[in-house]
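Colleague: Below you'll find the structure I mean.
The values are calculated or read from the model by the stated rules, or taken from the named source; none is laboratory data. Source: prediction; values computed, not measured. Note that we place each Cβ from the backbone using ideal geometry, even for glycine, and neighbour counts take in every protein chain shown. Just so you know, the surface numbers come from the protein's heavy atoms only, side chains and all, with ligands and any DNA or RNA stripped out. Shrake-Rupley method; radii C 1.70, N 1.55, O 1.52, S 1.80 Å.
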Amino acid sequence: AMSNNDSFIDEVNDEVRRDRLYGMVRRYGWIAVALIALIVGGAAYNEWQKAQTRTEAEALGDAMLNALKLNDSAARAEAFSKIEAGQPSARAVLNFLTATEEYAVGDAAEGAARLQEVANNNDVPLIYRQIASFKLLGQGAGTMSVEDRRAGYEALTQPGVPLRLLATEQLAMIDIETGDTDGAIARLKTILDDSEVTPDLQQRALQVIVALGGEPDLGANGANGN
């Protein structure tokens, strides 16, 4: 037994203090050997797990790209639906892609179910859930009540929500839909006055204000030439 222990000690890295290791082996025998094996094996397993995660991510990316290369939405939706994604965030992205294609071919129920799965999943980043809610509200324009859509968009206009200006724009569209032109103009002007407004959104808000007969007042944001 000791010759086996001696052989094991000879194979241990030179930087390990041999006297302590030898003392452990003499005192605890196979327990010390097993403990070292567990430590070394654990490190190896961690490296293997990292490699597995990287390989899985690459395979998932390749599968998504291959699905996107297909010629029509029905084929892309079918290809997406067959892809497996273990990580919550990866599955959320896959659900976004699949829902887009399902809506494109008229399968609104399936598309909505995929978006709802993201919106309800507390394991994904909050912005994912907010995007899913925003998309659901947009796709539900023909089926959801004005009150429900308004409430949904208002929840996304809270301070700190990245989609708040886009949600405000949609609330203005609901104002127009319900005949509240003045309300729409006032809401769109708040977009123009916001320091975080993007050039594209600013341009859209300006166009709608003018189309509604309003007088746009760009204020400080008008100086940026957008």
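Colleague: When the range 48-61 is examined, which residues are found to be over 26 Å from A79 (Cα atoms) and at pLDDT below 75?
Modeller: W48, Q49
Colleague: Between a residue in the range 70-90 that is farther than 27 Å from L126 by Cβ and hydroxyl-bearing (S, T, Y) and any residue that is open to solvent by less than 40 Å² (accessible area, probe 1.4 Å) and assigned to a helix (DSSP H, G or I), which pairs come within a Cβ distance under 9 Å, given they are 6 or more apart or on different chains?
Modeller: So the pair list comes out as S73/E101; S73/E102.
Colleague: Looking only at the range 42-67, count how many residues are small (G, A, S) and either within 27 Å of F96 (Cα to Cα) or surrounded by 12 or more Cβ atoms within 10 Å (Cβ to Cβ) (or both).
Modeller: Step one: of the range 42-67, the residues small (G, A, S) are 42-44, 51, 57, 59, 61, 63, 67.
Filter once more, keeping what is either within 27 Å of F96 (Cα to Cα) or surrounded by 12 or more Cβ atoms within 10 Å (Cβ to Cβ) (or both): 51, 57, 59, 61, 63, 67.
Count: 6.
Colleague: For T143, state whether it is open to solvent by 70 Å² or more (accessible area, probe 1.4 Å) and closer than 28 Å to L60 by Cα. Please lay out each step first, then the result.
Modeller: Working: open to solvent by 70 Å² or more (accessible area, probe 1.4 Å): yes; closer than 28 Å to L60 by Cα: no.
No.
Colleague: Just give me the residues in the range 94-134 being over 22 Å from L65 (Cα atoms), outside any loop (DSSP other than H, G, I, E, B) and within 19 Å of the chain's Cα centre (by Cα), in sequence order.
Modeller: Passing the criteria: A112, A113, Q116, E117, A119, L126, I127, R129, Q130, S133, F134.
Colleague: Regarding Y153, is this residue more than 26 Å from Q207 (Cβ to Cβ) and aromatic (F, W, Y)?
Modeller: Numbers: more than 26 Å from Q207 (Cβ to Cβ): no; aromatic (F, W, Y): yes.
No, not satisfied.
Colleague: Still on this structure, I have one more. Search the range 192-204 for residues that are within 13 Å of T168 (Cα to Cα) and pair each with any residue that is open to solvent by 70 Å² or more (accessible area, probe 1.4 Å) when their beta-carbon atoms are under 7 Å apart and the residues are at least 6 apart or on different chains.
Modeller: Hits for this filter: Q202/N226.
Colleague: Go through the range 180-217 and report how many residues are of a type in the set (A, V, I, L, M) and either loosely packed, with under 14 Cβ neighbours inside 10 Å or not in a helix (DSSP H, G or I) (or both). Show your work before the answer.
Modeller: Restricting attention to the range 180-217, the residues satisfying the condition of being of a type in the set (A, V, I, L, M) are 184-186, 188, 191-192, 197, 201, 205-206, 208-212.
Narrowing further to those that are either loosely packed, with under 14 Cβ neighbours inside 10 Å or not in a helix (DSSP H, G or I) (or both): 197, 210-212.
Going through the range 180-217 one residue at a time, the tally reaches 4.
Colleague: Can you tell me which residue within the range 68-120, out of those that are within 14 Å of I131 (Cβ to Cβ) and of a type in the set (S, T, Y), is surrounded by the most Cβ atoms within 10 Å (Cβ to Cβ)?
Modeller: Ranking the candidates gives T100 first.
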